[in-house]
Amino acid sequence: MSVTRRQFLVAGAGAVVAAVSGCDRVKESAVEARRWLGKPTAPPLMGAMTPPAARDLDEVSHVLNRLTFGARPGDHARVGAMGVQAFIEEQLAPQKLEDWICERVIRHEFDSLADPEGTLLPRKGNASDPLQALFPAMKDKGARVSHLYEYKDKVLLEDLTRATVLRAVLSERQLYEVMVQFWTDHFNIDPSKAEAKWLKAADDRDVIRAGALGNFREMLRASAVSPAMLWYLDGRANRRVKPADKPNENYARELLELHTLGVHGGYTQQDVMEVARCLTGWTVRDKKKFFKGRVEFHEWEHDAGPKRVLGVDIPAGLGASDLDRVLEILVAHPSTAKHVAEKLCRKFIADEPPAAAVAATAEAFAASGGDVPTTLRALFATEEFWQQAGRGGKFKRPFHFVVSALRATNAETDASKALVDYLVRLGHAPFRYATPDGYPEAASHWQSSLLWRWNFASALVGNGIKGTSIAGEELRERLGGDEGLMATVLGRRASEAEREAYHESGSGLALLLASPAFQYC
Amino acid sequence: MPPPQAVINGNCDQRRTLVVIFLRGAADGLALVPPVTDDHYYRARPRLGILAKDAVKLDERFGLHPKLRPLESAWREGELAIVHACGTEDQTRSHFEAQDLMEHGGVVAGGWLGRYLRTRPSETRGALACVAVGKALPECLLGAPTVTVMQSLEEFAIAGRTPALGTQLEKLYGMERGQLGAAARDTFAALMRIEAMRTTKYRPDNGATYGRDEFSNGLSQLARLIKADVGLEAASIDLAGWDSHFAQQGQVEGLAGKLAEGLAAFRKDLGARMATTTVVVMTEFGRTVEENSAFGTDHGRGSTMFVLGGGVRGGRIHGEWRGLEPDVLEKRGVLEGYGDLPVLNNYRNVLAAVLARQVVGCGEVDMASVFPAFAVKPMKIFG
């Protein structure tokens, strides 16, 4: 059955828990009640907890390191039993994965994100609604963003941030969440700019999450007409009314440099200008207007003349279709396949991605027309991905570090301010990167804030982060003692030096999480 | 032994620090730096105008609020520069909008100081390169590579009550080669210096005495960090409460006193280190030229900025000034009466000069990244 949090709060906890859980599940009702009240709980530890036994990272620990935000206790045993290939396939098809705990938490914690139709506007597709009969435009996506303006911008940023952390911690669709972060960086938008404050929530839903494991071309199209992107990179102000009007090149340049071809992808300043001309007329209604946030194409602000992009002629008079022609040219360009493949290999293989792996990944990207699962499948099949020497060699970015620590300790968290503050200190809070290139991937950017990693580890283990808690001793026992705990957290048997430090530190679990090995994946 | 400073600190001469002080609530520039020889000033402010006989004389035109007298020596010694009629292009006169605009550096994402720290020309970034004194991250630091929001030095330590944890971590990281090992060693070195500070009572140098208020206390913590060479490159601290709509005299006197006494103590305490320290004081907008019926002033446009530190072309008012004649003032909508002090000097041209000073000798600030969509013309505030 489906009950919204609002209904729940109106009806009262007892009624809903009784309705949902039924008499035979009374014992679970306490946990249920917490969930319904919007208090996320860590999923219970179930099944075999056999820790990794190898001296070095085995294949199972390796895929858990790279495809997820960190292994939870028991993950190694589960993935070992199903086999790494089956795990990769499972993760490449997230829609088939049961994920009710995470979905429920998100649905009940975040009205702003989980109820895209809003409260003031009529439901989509409700034909009998008189407002909608009057304004047919409300049926389109524009109507799905207006409601965001009902929220205070700070509320939306906080909700989006918390939801992002909670999904990374709780979701079974780990590779999907990893890719959501990858594309969030690739199509970076800092919501602190103007009306992106409200609209980034829609971009997150309609562009990034809709396409993270879908098709690149479709995601690119969605991003190009995403209201938040039109604000962030000034596409909304790119118009030509008089012949003397100069197009605003901001979005066009980043589209070529960051989203598709890459900086050395073989385009010229002329191409940037021509692409900008093609995109004139696309704009978004601002908050002073009705249907705020709705994206529109204004024929009268469009440069209707002929254009030439990367050597391809675009005839005069195509109007709004110029956009599709441009994206077609860009997606089919070999530089785009190479650029995306390089970034993926940097993410999943090494900061200096091996050329052979990039080539194989780029080929799969090109051959599949930008199908993301096909591209990733090819990447995960490269020899370079599996090389023993490369395992445990990627420095975790702070978000990955924090989430992997929460997952390794099976922490309960509400991802509220106290936790997010650590991400702020570490320079990696979601949606707070100003420039369109997105948070950097390479280790060198992230090694100056070690102190806050250590402090985070210590605070987490000492239960000193408000809203976040772990049961360290229970975990140690469940994993069969110190050796099991060490191997589970590290993904391999501890070294002699690590074992000694663990015992001498006075806080073994904190030491593991703060240790050099745990900073890597 | 702590490693050489060059490793800890990312900036080029290895000791430069920028301290940004934001006067929240819109400080009245015409009270802080009154044009004491302008009759229009006294006509508009018959009850609130600062009299020439009370003000600290700065030059032929301007005086300093009497409560800012502790800054007089910095002015005389050429370490304090003032920019008047300064501010943003924001027309809303909303605190929130104007602060945002100013701290972002325009209608752009992220903060100007955060973008500077990300893009400034230098390879390394110290673990404690950037500190915000207070409870929350100010908007100007959005996007900084790493920021520590702190109220006291207590927060600079490996948390937890187990010193053994630090010892064991130092051992494990000691075995790390490459960048991570070096970064860890820098962090431990910085921690060691701070540990020494935390366990001893702070005695400011040169006989400086700080007030007991929060602002002075924050400044004293920053002075400590600067002198301890932990690699502090940028710090922000607020002094709030300047929104003086009602009976402003006492309010402005109290805050001006705090500001000046805090800064004077800070300058005295740092002594020779002021040569590599820059302090910039800013506020979101100024206040109406004309006083209101409640002995206060309302939201206006231009205000003042102060730049204090080594290398400043001090002892002078920089930038354009056109006086307060009614026809040079900016109209306030359809209302009759005095207009506002116009913004003749854009705050970004002051900040650009300050940032350029931070990187002298090691490259240039990428002004297009720090202040996008604005043609920066740095003012000649530094010699």
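A few remarks follow.
- When the listed pairs A:Lys197/A:Lys287; B:Lys201/B:Lys227; B:Lys57/B:Lys331; B:Lys57/B:Lys258; A:Lys152/A:Lys417 are checked against a 22 Å cut-off, the alpha-carbon distance exceeds it for B:Lys57/B:Lys331.
- Between the residues A:Thr488, B:Ala368, A:Gly427, the greatest Cα displacement towards the positive end of the dipole of the protein assembly as shown, with unit charges on the Cβ of Lys, Arg, Asp and Glu, is found for A:Gly427.
- Only Cα pairs under 8 Å and 6+ residues apart enter the sum, and on that basis the relative contact order of the range B:146-222 stands at 34 percent.
- Members of A:Lys200/A:Lys289; A:Lys347/A:Lys396; A:Lys193/A:Lys396; A:Lys193/A:Lys394 lying beyond 22 Å, as alpha-carbon distances in this model show: A:Lys193/A:Lys396; A:Lys193/A:Lys394
- Of all the options B:Ala234, B:Ala129, B:Ala164, the one that moves most in a Gaussian network model of chain B with Cα springs shorter than 10 angstrom is B:Ala164.
- Mean shadow area of the protein assembly as shown, taken as a quarter of the surface of its Cα convex hull (nm²): 40.6
- Only Cα pairs under 8 Å and 6+ residues apart enter the sum, and on that basis the relative contact order of the range A:340-388 stands at 35 percent.
- Once you reduce the range A:237-261 and the range B:26-80 to the center of their Cα atoms, the two points are 48 Å from each other.
- Dipole size of the protein assembly as shown about its Cα centre, with +1 on Lys/Arg Cβ and -1 on Asp/Glu Cβ: approximately 880 debye, rounded to the nearest 20.
- In chain B, the longest principal axis of the Cα atoms and the axis of helix B:248-270 are about 40 degrees apart.
- Footprinting exposure proxy ranking of A:Trp100, A:Trp452, A:Trp282, fewest other C-beta atoms within 10 angstrom first, gives A:Trp100, A:Trp282, A:Trp452.
- Highest GNM mean-square fluctuation among B:Thr276, B:Thr167, B:Thr297, for chain B modelled with Cα contacts below 10 Å: B:Thr167.
- Among the trypsin sites (Lys or Arg not before Pro) found in the range A:444-495, those both in a DSSP coil and sparsely packed, with 14 or fewer other Cβ atoms within 10 Å of their Cβ, are A:Lys466.
- Among A:Leu460, A:Met82, A:Ser321 the positive-end extreme of the charge dipole of chain A (Cβ point charges): A:Ser321
- Exposure proxy ranking, count of Cβ atoms within 10 Å, fewest first, for B:Leu137, A:Leu426: B:Leu137, A:Leu426
- Neighbour counting of Cβ atoms within 10 Å sorts the residues A:His264, B:His95, fewest neighbours leading, into A:His264, B:His95.
- Considering only A:Pro436, A:Val331, A:Ala364, the residue lying farthest towards the positive end of the dipole of chain A is A:Pro436, judged by Cα position with unit charges set on Cβ.
- Relative contact order (%) - chain A, alpha-carbon pairs under 8 angstrom, separation at least six: 18
- Dipole size of chain B about its Cα centre, with +1 on Lys/Arg Cβ and -1 on Asp/Glu Cβ: approximately 1120 debye, rounded to the nearest 20.
- Amide proton proximity set for A:Gly214, modelled H, under 5 Å, gap of 5+: A:Val372
- For the range A:373-521, size of Cβ-based charge dipole, Lys and Arg +1, Asp and Glu -1, in debye: 420
- Exposed-site-free run, longest, chain B (rule: trypsin sites (Lys or Arg not before Pro); DSSP loop; at most 13 other C-beta within 10 Å): B:213-321
- Degrees, to the nearest 10: B:347-358 long Cα axis against longest axis of chain B: 30
- Reach of A:Lys246 by Cα under 14 Å, taken over aspartates and glutamates that are not fewer than 8 positions away in the same chain: A:Asp234, A:Glu274, A:Glu301, A:Asp303
Read-outs: derived from the displayed coordinates by stated rules, not from any lab. All figures in this text were calculated on a predicted structure; none of them were measured in a lab. Here the Cβ is made from the backbone with ideal geometry for all residues, glycine too, and neighbour counts use every protein chain on show.
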